[in-house]
Structures are given as structure tokens and as C-alpha cells.
Amino acid sequence: MHICCLLNLSSVEKQEDTWDGLFYRYRDLAPQLVPLDYTDKPAVTLPYELIASMPELKDNPFRQRIAEVFSEHGDGNMTLDNFLDMFSVLSEMAPRDLKAYYAFKIYDFNNDDYICKSDLEKTVNKLTRNELTPEEVSLVCEKVIYEADVDNDGKLSLEDFQHMIIRAPDFLSTFHIRI
Amino acid sequence: MPKHEKSTEGNDGSGDNEEGSAAENEENVKGTDKGRKRATPRTARSHGRGRARHGDEENEDDEDGTRRAGHHRHRNRRRGRAAGNEGSDSDTEAAKARKNQANQKSKEDDEEEEDGKGGKSGKGKNEKKVDKKPDKKGKKEKANKKKKDKKKSGSGSDSDSEEEPITEEELAKLKEEVEEKKKLIATLRNKPWKMKKKLSVLKEAQLFVEKFEGALGKGKGKKFYAYKVMMTKKWMKFQRDFENFKTACIPWEMKIKEIESHFGSSVASYFIFLRWMYGINMILFGLTFGLVMVPEALMGKPYGSLPRKTVPRAEEATAMNFATLWDFSGFAQYSVLFYGYYNNQRTIGWLKFRMPLSYFLVGVGTIGYSFMIVIRTMARNANDDGGGDDTSFNFSWKMFTSWDYLIGNPETADNKFASITTSFKEAIVEEQESRKEENIHLTRFLRVLANFLALCTLAGSGYLIFFVVRRSQKFALEGLENYGWWERNEVNMVMSLLGMFCPTLFDVISSLENYHPRIALRWQLGRIFALFLGNLYTFIIALMDEINLKLEEEKIVKYNMTIWEASLYNGTIPENSTAPPIQVDPADVPRGPCWETMVGQEFVRLTVSDTMTTYITILIGDFLRAVFVRFFNYCWCWDLEYGFPSYSEFDISGNVLGLIFNQGMIWMGSFYAPCLPAINVFRLHTSMYLQCWAVMCCNVPQERVFKASRSNNFYMAMLLFILFLSTLPAVYTIVSIPPSFDCGPFSGKTRMFEVISETLEHDFPSWFGKVFGYASNPGLILPFILLMVLSIYYLNATSKSYKEANLELKKKLQSQAEENKRRNKQKAQKSNEQEENPFETEPPKPKGGKQDESTPNQDNKKGQDGNESKKTGQPQEASSSQVLQHPSLAPSNHYPPQSQAGNLPPPSIAVTRPPGPRRYGMPGYPPGNPCFPGPQPGMPRGPHNYR
């Protein structure tokens, strides 16, 4: 039944093979855990370690955040639905606003719905593998807040973030995963 | 607001109005209800605020809803009338009822959403987990209920449709319903819901569509849509592959990218320049190879048939020695590689290929093409520069969009990390430079001093070169044999010593100036360039001397030739003019010095030795040094890696200048040595690989990695200058020195360019020659040149004015952005002040009332100047909210809920609408909850009507 509706979804909306492929990808992560037959909706959850070992995510500095954002309880463990969710948002066809929304969530490390300075610092350190000095990091963070903070509250809200990201020339091309 | 709407709609009929207001009332009640419900777990303060806020949102919803409803009704009515007014009243009644139901339902949905979200973000994590399950259960239940509802209503409608034939109006409604569902399906992707919810909604919608599309006879739509989606996907994939293919076709793109990621864009700019040069040289090579060398080798007379194509007897013994060949004499000298080998036959081979003409035209074309391509590239780069980047979000974009989520391989990831770090460093350097505030007078003084010192150095070295060249000319006149090694090699030694020490000196001087590294690099380049011009000058002087010497020699040889010929024929020439000439081996025929080949050889030798020097410098200076530093560091008394020798940095200025001057040599010499472009292509090709390797393995990035200007226009300008300088001697020799009498394609002519007039005479009709003659007289050429100058002036003036306009606009934009920021800051301050004493403005009741009044105005305004507000974005919004609202209301009404950050979870905005920035006042965008098409009350909403 479940698979059936998945296919329903795919036939109209997405390419079938992609979705089929996604299911098999999911299953390949743990063939012993995930049954082939999803008709009775088994409650299977794959741990974060397995998700993060996918080649698409393995080298991504934000893989943990991605998994956490899309997982049911924010712990990085994923059901098939979450998994599909993740790749539908990160797919090429997903609209910009949706991507921006989830990008915001990914970069919001402490889940307080604002990207504050500590989030920015974490982002920079992840992006540069701690190769910048603390002064440089804080300079960069200050500059980011100065640039993107429209309402001057010293942190970036979702609106600030969107306002900034929709003008970025290569956000769409970089914020997607091909599978 | 609703009133306003009504009044505009007044002529529509009173029944409608009543209906509408009733619905609204109900909804208002609901809204407040909901507000209360939501607010219960919160503090009293947030209670009021949340409610107010909700009321507000609800109002917005309603407004839009009614507007649409009105619109819709209108349409329906029209259709109804067209159909003959049958039973339209009852129908609208029914529609109203349905609409209300629908609204209710959608509200419920909303609520559910809100609650879920509120629970998620507002409460702690533990609570969340506990809360979630019942929530979900609720959802499921609801969904089930919905389905049941639908089933009921579906069956009802089915029976309805069985009872009476579908009226046209119903059909229209149905159609709209289906369209709506379709739209939902299409936009479902855009909603930030969990997959489960999406699935259930989608299934519902699809079932509906499937069921009723058949009734409407439009079953094909779905297939077509699927097909379309598939095609777009295929097309996108194709485009992507094509992009990839294009990138793969750019040679060395990956190498350069890798270098850029580790060493910054300034080093990469050198390699990009090198690649560009490689392209140019490929084309020059194609020209000379395809139009000169290959035809001569295939169709010209073979080796040994003519004196000019044979190695002279005296050199035959050593002609095949490697040392001779390495020096480009011997067999190499008497081959297609050099000018002297070519015959002066007007046409060669069965193709009647005009060899001399082709030779001349290729020589001219090489120079012309180079000028054209350099200037065109410069112009294009200038265009790029003029537009400029939008740097308003420089750092933010770097932070949030620089990681490429596609990266799935550790090496690429490493590169990407390095490149992001480098780009951050570059941006930081820019930022620090722009911030730098120092003693301007001191800096100015130091800069003047530095320039003075540099000028002194240049003048000194210039004089030194001049002096040495004069002296060497004197020595040459007296005969070099009387002098020692130093006197003979004085010029070369002085030149290389200058080339070694002056750049270092300039480096020291430039550290005085305290420029931004990019500008410092330009100064450095300019100064070394000026120094190298001296190099060029000595070279050309020496060459000219040599040419003059050869010309003298030629005269003597010519004289000797006649004597030799006379001795050959033993004075029997006049009688034997008809008899076959005496066979002499071409190798024994005396010949002239052929200065053209000499010049070509000189250039080829120079290029080769230059290449060798570069490679050896790389190997010793970079590679051995790196090896030494790396391995002797274990057993040395100080730290070699961070101490004295350290690893070398990549010398951008030296390499760029080397490339430019080398190219100058090519341009100067390719007329006399057609093989020169080929050699250069080879050199550039190998040096690309060698230098890429050397950079990656033996160099360290500069201390301050700086961003190169995006266009290489400074390099280009130097290249253009060199091109100009190097064409001067080439053109001079072509135009004003007579070609050698016994070698090369122009032998026998007094000047090389006579080949043109010869072609005109022989290969074109006579009138063409006449026209050409008229066209080339000064009376026509001078006005033409004048015209060109005028047009250049005009174009230049226009482009300048455009540029100014551009700058002006940019300034305006910037000032506007600053203005926005200032305003926002003011607003933020105001709200902060208000935050400090929140209880003064607390009373909830008047607040709600006021808001009801203020929001409609605002909304109307927004609707009126939708486009304007879209353009200017926040300022409009900001001003309108400032003007229209009591300041105390600002925080609760305006979108940034920053003052309530602690207690009101902002995701209630974020989640209820898919990230579409409401504040741009998008016209036609439903400001309400788009998660389910509930808030479109005009639609006869229910699947439950039709099942």
C-alpha cells in the first residue's frame, strides 16, 4: 500500500525510477533491517551512522545537521518517509523557497529558529575545517550579520535568511544532491 | 477591510453580502477562539499578543478569502446567467453553505498545524516527544474523518448527479475543483510538510482528480502532464550533461580549479592567462603550419633541388650532429622551419598555390589576428568589470552557498574545503584593506618616496644598458678577437644581473608603499616590465646591427657570385645562352648570408634557451629547494620550513612577465621562422603541466592570499603594449629592408610587400588593380582615417557616459540599501524601547480594535501599489507601518517578531506559509494558510459535495 502510493506520487510528480531508486538506496543501507515489502508500514528507523555513511553525505560537513533536520525526532535517525523527504527537498526540482527554508533549518544549529553568532561560527568552522583563526572567524560572522540582518537584532531570522539567499546566484545549483 | 470590499462589490446583490459577512463573523469568532486556545499554555502577556496577532492574521485571511469569494461568485453568476438563470439562487445558497463548511474545516486544519508546530518549537524536547504522538494520532483520526466525510458527500453528490443531469454551472464548478486539485498536486512539492502528510493529501487529491476528470472527459491531461514533467526532467539532465561536457572540453580546467582552491585566484589568474596564450598560439600555429609549412613541404621543390634548399658543402660534415641541430643550424636551417628554405616560385604544385603571397599574408595575418584578439578580450573583460558584482551579501553567500552539496568524493571535498578557506581569506584581506585607516600623509610620503626610488633604479639600469650597448658596438667594430670573455659577454651579463637583482629591489621598495597586495602586484609588474623593456631594446639593437652587417656581406657575396659564375662558364656565356647550363651540385653554389634566416634562428634559439632556463629554475629553485627543506629539516639546527630558506612562493609577476616577453619574441620572429609558433605551443603545453605540478608540490601559498581582479586586463594591457613594440621591428624589416637575393619567397624583389602588387597584376582583372590604385591614394585614405578616429572618439564618449550612468545607479542603490538599514535600525530601537516597558501598552482590547482598523488600510495600500512595494521591498513596508500604526503596535504587527523572540515561536510564520516572503506584498498571493486550499472560501469547497 505504502509503496503503491509512493508510486502514485512518482508517476505524476517525480520520475518513477528516482523514487524506486531511493527506496532501494534506503534499503541497501541496511538490507537486514528494511523489508522489501512495505505494505503493512513497518516502523523501521535507520540510525544516523548508516545514513551518514552514504557517499552523497559522507563528505558533507553538514551531514549531521541534515540528518537531524529531516529526522522525526531531531536525532538523525530516519524512517523511509524522512529519507524521501530529505532527498525530495535536496532534489533538483525542489523550489527555491522550500530549499531556503530547509537550508535555514540546517544552518540553525541550536534549533532556536534564529541563526545567531554561535551558529555562524559553527558553520564557518565546519566549512574551513577550523583553519581560520578565531579573530578571522568572528570577523566573518560579524560581516555576515551586518550584511544579512535586516531587522538589526543581531541574529538572522528566517526572513533575513531568505532575503539574502534568494539573491544568491548559485544557491540553487549548490544546494542539491543528485541521486 | 471587509466593509471596504463589500462597498466595492455592492452592486453584486445584497444576499451575497449577507452571506459573506456571516461567514466572516463566524470566522472571526473562530479566530479569536483559536487565539485563546493557542495562548493558554503561555504567559498572560504572550496571550494577549498572540491573540492579537492571530486576529490579525485571520483578518488577512478573511479579506483575501472574501475578495476571492466575491470574484468567484461574480463569475459563477455570470455563467449562471448565461446558462439561463435556472436555479442559480439555490445553487449559490448551497455553495455558501459548503464554503462555510470548508472554511471551518480548513481552520481546523490550520489549528492542528499550528498546534503541532507550537508544540515542537515552543516546548522542550522531552515534551515534544510526548506531545507528538497524540498529535499524530489526532491527525490520522482527522484524516479518517475527512475521508468518511468525503465518502458520504461523494455518494451524495453521486446520487445527485444521477438524479439530475449535470448543469453547466456544476460542470464549471467541477472543473474548477479539479483544477484546484491539480494545482495542489503541482504545488505540493513546495510545501515544507513531512512526507506522510504530503502523501495523504496527494492521494486524496489524485483520487478526486482521477474520479472527476473522467467525468469531464479530460483523462488525457494527467498523462500529458506526466509526459511533460518527464520531458522537462530529461531536458534538464541533457542540459546538465551538456554543461559538464562543455567544462570537460575546457583544457586544464580541473587543474586550474585545484590550484585556485589552494593558492587563491591570483595564482590561478596566471594559469588562466597561460591557457589563453596557449589558445592564441594554437591558432597562430595553425595558420603558419597549414598555410605555409605544409604546402611548402608537400608541393614545393624537394630538398636538394636548389642551392637554398641544400646544406652547403662546408657544413655537410656536421649538419646532422646533435649540437648543430640543437643550435638550429645544419639540416634544421635548410628546412621548412626557416624563411630561407622557401622558393620564390609564384605558384607551386598542381593547386597553383601562391606560396610567396600566402607567406606574406600569413605573416601579416598573424599580427593582425593577435591585435584583434587581444583588443577584443580586453573589451570583453572591461564589460565584465563594468557591471561588477553585487557584493552586498559577499560574506553571507560565501558562508551559506559555497559548499556544494553535490560533492561526493573525498578529494573534491578536500579541494572544496581549501578553496572555501582561501576565498574566506581573500575576502578577509579585502575587508581589512577597506577598513585600514592610517596616517594618510605618511603613506603618501612613503609612496612618493618609493616611486622616486624605483624611478632612480630604472633610470640607472637604463643608463647602464645604454652604456654597455654602446661599448659593445664599439668593441664589435674593432673586432671581438682582441677582447676577453667579459667584454664579449658584457651585455648579456649585465642584463641577467639586472634581471636578477632589480625585481628583489622593487619588492623591497614596494613594501614601503603599503598597498593592497593586488595593487602592489600591479606596481611590481609595471616596474619589472619597464626594466625588461631595456632588455628588449638591447636585443633589437643587436639584431639591427647584425642585419646591417649581413647586408654588407651580401653585397660582397653578390659581387663574388658574378665572378664565380664567370669562372664557371669560362667567359662563354654569350654564346652558350641556348645550351643547357653546366650542372653544378647545389651544395657547391656560393650563397648569400640570408639575414632573414639568421634573424629567425636568433629568435628560435632565444625561445628555446628561455624555456630551458625557466624549467631549470623551476627544478632547482623550487623542487630541489623544497626537497632540501623537507628532508634536511630533520637534521638541521634551525627550523628550515619556517625559518630561512622555507618553501618558495609562486612568483606571479616574474612568471607573467616571462610569458608576455616570450610572446613578444614569438610575434617578432614568427615571420622569419614559421616554426616559432609550433615551438611556443610545445613550450606552453609542457610548462602548463610542469608548473602545475611544481606549484602543487613545491610551493606554499602566499602569506596574504588575495583576490585577483576578475579580468586579466592588466596582463592584457601589457601584452598589447608588447605586441605593439614587437610588431614595430617586424614591420620595419618587412617594409624598408630589401630581402636577400638568393633565399626566401621574396628573393628577387626589392621589397617584400611587392608580392601584393604582383598578385594584383597577374591574378586579378586590370580594373581591380586600377580601383586598388585609386583606393590607396592618400586623398582617400586620409579622410577614411579621419572618419575612423571620429567614430572611435564618439564611441568612446558614449561608453564613458554609460559608465557614469552605471556608477550613478550603483551609488543610488547603495544609498538606498543604507537608508533601509537605518530605518530598520530605528524601528528596532523603537520596539526595543517598547519592550522595556511592555505593560503600558498592554491592554488587549483596544489593541485588537485598532488593529482591525489599521491593517485593512495597510493591506489596501499594499494591494494598490503591489508592484512598487515589490520593487522597493522593505522601505515601503517600513514606512507604511510607521505611518499608519501607532508606534506601540509596531512589534506585534510587523513581521520581525524579534521583541517576542523569547515566547512567541516565529515558525508560526515560517511553517504556515511556504517560504514566500509575505512582506513583498505579492499581489495575488494568499496571505493565509496555503497548506490546504481551505482559505479559498469562494470555491465550493468540498469533495463532500460530490461524493
Exercise. Go through the stretch A:67-179 and tell me which helices (runs of 4 or more DSSP H), entirely inside it, have 3 or more residues that are hydroxyl-bearing (Ser, Thr, Tyr).
Key: A:96-107, A:117-128
Quiz item: Considering B:Thr310, B:Thr288, which residue is in contact with a Gly (Cβ under 6 Å, 6 or more places away or on another chain), assigned by the TED database to the domain that holds B:Trp693 and not hydrophobic (A, V, I, L, M, F, W, C)?
Solution: B:Thr310
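Is it the case, given these coordinates, that B:Val584 is aliphatic (A, V, I, L, M) and assigned to a helix (DSSP H, G or I)? I'd like the intermediate steps shown before the answer.
On the way: aliphatic (A, V, I, L, M): yes; assigned to a helix (DSSP H, G or I): no.
Answer is no for this residue.
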Practice problem: Return yes when A:Asp112 is more than 8 Å from every other protein chain (Cβ to nearest Cβ), surrounded by fewer than 19 Cβ atoms within 10 Å (Cβ to Cβ) and farther than 23 Å from B:Ala817 by Cβ and no when it is not. | Solution: yes
Practice problem: Please indicate, with yes or no, whether at least one residue in the stretch B:487-499 is more than 30 Å from A:Phe161 (Cα to Cα) and surrounded by fewer than 12 Cβ atoms within 10 Å (Cβ to Cβ). | Solution: no
Quiz item: Would you call B:Arg751 under 47 Å from the mean Cα position of the chain (by Cα) and at pLDDT below 90?
Solution: no
Self-check item: Candidate set: the stretch A:125-179, residues that are surrounded by 17 or more Cβ atoms within 10 Å (Cβ to Cβ) and among the small types (Gly, Ala, Ser); chosen: the one farthest from the other protein chains (Cβ to nearest Cβ)
Solution: A:Ser157
Practice problem: Just give me the residues in the stretch B:288-317 being over 23 Å from B:Gly592 (Cα atoms) and aromatic (Phe, Trp, Tyr), in sequence order. | Solution: B:Phe289
Quiz prompt | Filtered residue count, the stretch B:695-724, keeping only those that are closer than 26 Å to A:Glu131 by Cα and assigned to a loop (DSSP other than H, G, I, E, B) | solution = 10
Exercise. Please work out which one of (1) more than 30 Å from B:Met236 (Cβ to Cβ); (2) under 21 Å from the mean Cα position of the chain (by Cα); (3) not charged (D, E, K, R) is the condition A:Ile145 fails and give its number.
Key: (2)
Quiz item: Only one of B:Glu176, B:Glu204, B:Glu213, B:Glu243 is within 39 Å of the chain's Cα centre (by Cα) and either outside the structural domain of B:Leu274 (by the TED database) or at pLDDT 80 or above (or both); which?
Solution: B:Glu243
Quiz item: Which one of these does A:Thr45 not meet: (1) out of contact with any strand residue (DSSP E or B) (no Cβ under 6 Å at 6 or more places or on another chain); (2) within 12 Å of chain B (Cβ to nearest Cβ); (3) among the polar types (S, T, N, Q)?
Solution: (2)
Quiz item: Only one of A:Asp20, A:Asp28 is over 26 Å from A:Lys122 (Cβ atoms), modelled with pLDDT under 80, surrounded by fewer than 18 Cβ atoms within 10 Å (Cβ to Cβ) and away from every other protein chain (no Cβ under 14 Å); which?
Solution: A:Asp20
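Residue-by-condition table, conditions (1) within 8 Å of chain B (Cβ to nearest Cβ); (2) under 22 Å from B:Lys198 (Cβ atoms); (3) under 14 Å from the mean Cα position of the chain (by Cα); (4) of a type outside the set (Asp, Glu):
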site	(1), (2), (3), (4)
A:Pro55	yes, no, no, yes
A:Lys58	yes, no, yes, yes
A:Ser88	yes, yes, yes, yes
A:Met93	yes, yes, no, yes
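Considering the stretch B:643-694 alone, what residues qualify as being among the charged types (D, E, K, R) and not in a loop (DSSP other than H, G, I, E, B)?
Answer for the stretch B:643-694, where residues must be among the charged types (D, E, K, R) and not in a loop (DSSP other than H, G, I, E, B): B:Glu649, B:Arg683.
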Practice problem: Out of the residues in the stretch B:409-421 that are buried (at least 17 other Cβ atoms within 10 Å of the Cβ) and facing chain A (nearest Cβ under 9 Å), state the one that is modelled with the lowest pLDDT. | Solution: B:Thr412
Exercise. Please work out if A:Ala100 is small (Gly, Ala, Ser) and at the interface with another protein chain (Cβ under 7 Å from one of its Cβ atoms).
Key: yes
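The values are calculated or read from the model by the stated rules, or taken from the named source; none is laboratory data. Everything numeric here is computed off the predicted structure, so don't read it as measured data. Neighbour counts are summed over all protein chains in view; Cβ atoms, including those assigned to glycine, are modelled from backbone coordinates with ideal geometry.
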